[in-house]
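Some notes on the structure that comes next.
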Amino acid sequence: MKKTGPVQNEAQHASAIQTMFDAIAPRYDFLNRFLSLRRDVYWRKRMITAVMRPGAPVRTLLDVACGTGDVAIEAIRQGSSELSVWGADFSHAMLAAGKNKVAPFKDRIHLVAADAFFLPFRDSSFDAVTIAFGIRNIVDKPAVLEGFYRHLKQGGVLAVLELTTPQKGFLKSLYLFYFKRILPLIGWVVSKNMGAYQYLPASVMGFPPSPEFARMMEHAGFADVSWHPLTFGIATLYVGYKK
């Protein structure tokens, strides 16, 4: 029997995720807003606010797993007139869906088709790297975090925004009921892709606890790592620095 190694498993997983996002791209933005009650907009604003630090100008920002460009657009809104943003995603359908959205900022937002493991940029190129709702889809998180570290300039900041599970109490029970029963049904009705919205809760519940993920960031080289639960812990913002 042929053995399947870690690299092959990662490649197969990535291919499945790419196919899934290509399929749901046309309804992705609508479902994000609807299923989160527009909290996803607020969460992205919080992430960009965290990287726009006083006294540490951000002139170059890389947004990995950029999807349709929401983070890139928010960065332009909050950043200085000197800011340039590169958005990278391996889903061509997502990038196509975002093309018109970023068109008003075409001189400052540049979308490229790229895998998180093979980013077409030189090391030490960016003042900030962001990834929103994407790192849970990556099997080898330590390796991709090391790549983000390499692409940052000295003093640069990494911000990771990810869906997480409330830790206890009635809210956790209510959240899990919605997430496992109601959300996949709504996702299927709107996108006609039940599998994608069954995968979503499974991937969120499989994401490491915040202290464990913070340690991954530290092992990748990041300093002063912190995490900030948002909306009762439904999402969490992780921040670390390349000293």
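The values are calculated or read from the model by the stated rules, or taken from the named source; none is laboratory data. For clarity, every value in this text was computed on a predicted model and none was experimentally measured. Because the Cβ atoms are built from the backbone with ideal geometry, glycine has one as well, and the counts that use them run over all protein chains shown. Heads up: the accessible areas ignore ligands, DNA and RNA and are worked out on the full protein's heavy atoms, side chains in. Shrake-Rupley method; radii C 1.70, N 1.55, O 1.52, S 1.80 Å.
Number of residues in segment 70-118 that are free of Cβ contacts under 8 Å to residues at least 40 places away in the same chain and of a type in the set (A, V, I, L, M): the value is 12.
Just one of the numbered conditions (1) under 17 Å from the mean Cα position of the chain (by Cα); (2) modelled with pLDDT of 85 or more; (3) buried (at least 16 other Cβ atoms within 10 Å of the Cβ); (4) not hydrophobic (A, V, I, L, M, F, W, C) is not true of residue 197: (2). Considering only residues that are among the hydrophobic types (A, V, I, L, M, F, W, C), more than 15 Å from the chain's Cα centre (by Cα) and at pLDDT below 90, which ones fall in segment 200-218? If the condition is that a residue be among the hydrophobic types (A, V, I, L, M, F, W, C), more than 15 Å from the chain's Cα centre (by Cα) and at pLDDT below 90, then 202, 205 are the ones that fit. Scanning segment 69-109 for residues that are within 16 Å of residue 45 (Cα to Cα), assigned to a loop (DSSP other than H, G, I, E, B) and open to solvent by 10 Å² or more (accessible area, probe 1.4 Å) yields 79, 80.
Which ones in segment 200-223 are closer than 19 Å to residue 168 by Cβ, open to solvent by less than 50 Å² (accessible area, probe 1.4 Å) and part of a loop (DSSP other than H, G, I, E, B)? Result: 207, 208. Cβ-Cβ contacts under 7 Å between residues 6 or more apart (or on different chains), taken from a first residue in segment 201-223 that is within 11 Å of residue 141 (Cβ to Cβ) and aromatic (Phe, Trp, Tyr) to a second residue that is part of a helix (DSSP H, G or I) and open to solvent by 20 Å² or more (accessible area, probe 1.4 Å), are listed as 207/136.
Residue count for segment 110-149 under the criterion of being loosely packed, with under 14 Cβ neighbours inside 10 Å and part of a loop (DSSP other than H, G, I, E, B): the result is 5. Scanning segment 167-186 for any residue that is crowded, with 18+ Cβ neighbours inside 10 Å and touching a Lys or Arg at 6+ places or on another chain (Cβ under 6 Å) turns up nothing. Close Cβ contacts (under 8 Å, 6 or more residues apart or on different chains) running from residues in segment 163-178 that are under 22 Å from residue 132 (Cα atoms) to residues that are assigned to a helix (DSSP H, G or I) and β-branched (Val, Ile, Thr) comprise 163/204; 164/204; 165/204.
The requirement of being more than 16 Å from the chain's Cα centre (by Cα) and at pLDDT 95 or above is satisfied by residue 221.
Scanning segment 41-68 for residues that are part of a loop (DSSP other than H, G, I, E, B) and charged (D, E, K, R) yields 53, 59.
Scanning segment 52-68 for residues that are more than 13 Å from the chain's Cα centre (by Cα) and surrounded by 24 or more Cβ atoms within 10 Å (Cβ to Cβ) gives a single hit, 61. Of a type in the set (S, T, N, Q), over 14 Å from the mean Cα position of the chain (by Cα) and at pLDDT 95 or above - does that describe any residue in segment 25-37? No, because not a single residue in segment 25-37 is of a type in the set (S, T, N, Q), over 14 Å from the mean Cα position of the chain (by Cα) and at pLDDT 95 or above. Scan segment 19-45 for residues that are of a type in the set (A, V, I, L, M, F, W, C), open to solvent by 50 Å² or more (accessible area, probe 1.4 Å) and in contact (Cβ under 8 Å) with a residue 60 or more places away in the chain and jot them down. Answer for segment 19-45, where residues must be of a type in the set (A, V, I, L, M, F, W, C), open to solvent by 50 Å² or more (accessible area, probe 1.4 Å) and in contact (Cβ under 8 Å) with a residue 60 or more places away in the chain: 23, 30, 34.
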